[in-house]
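Below: the structure, in structure tokens.
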């Protein structure tokens, strides 16, 4: 069962998805799935190749931008911006809880010029807290 949370009109975040959630995402207008969970983090969870195959079967785009314990890099933020730019519909980002997906989306939005307060409000409305990365949001937005 899906637990998609709305961050914006074009971005959803979710805890770990199952293969069956890909069809539900497509029904909501998702055209791109972004996996922010490293393979092997939870061996019993569907791994990248399984979700990628389900996305391909559903004619959805798929990209993996794994976020591990080392945190976020500028390269990952730029990869997320590129993924968002390439999407022709809604994007669904997922990880273990949806937090890393939300934080990466937030950092991308800050780099693109969205106000940190707006980002924080959008994340909070979806049930996520961006306070751990607020200094990074402020820095990226100030550039």
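FYI, it's all coordinate maths here, none of it is from the lab. Values in this document were obtained by computation on a predicted structure and should not be read as measured data. No Cβ is skipped: glycine too gets one built from the backbone with ideal geometry, and neighbour counts run over all protein chains shown.
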Sorted by Cβ neighbour density within 10 Å, fewest at the top, the residues 94, 128: 128, 94
Calculated log₁₀ intensity ratio I(q)/I(0) where the Debye formula runs over C-alpha points of the stretch 35-143, q = 0.17 Å⁻¹: -0.82
Residue list for the stretch 79-99, given a label point 7 angstrom along the Cα-to-Cβ vector of residue 59 and an amide N cut-off under 20 Å: 86-92
Within the chain, percent of DSSP bridges classed antiparallel, to nearest 5: 20 percent
Residue exposure sequence - 103, 28 - by fewest surrounding Cβ within 10 Å: 28, 103
Cα→Cβ-extended label distance, 7 Å offset, between residue 131 and residue 45, nm: 2.4 nm
Cα→Cβ-extended label distance, 7 Å offset, between residue 73 and residue 96, nm: 2.1 nm
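Using the Kirkwood formula over every pair of different C-alpha atoms, what hydrodynamic radius in Å results for the stretch 1-83? The partial results should precede the final answer.
Values: mean 1/r = 0.0750 Å⁻¹.
Across the stretch 1-83, the inverse of the average 1/r is 13.3 Å.
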Residues 75, 19, sorted so that the one with the fewest Cβ neighbours within 10 Å comes first: 75, 19
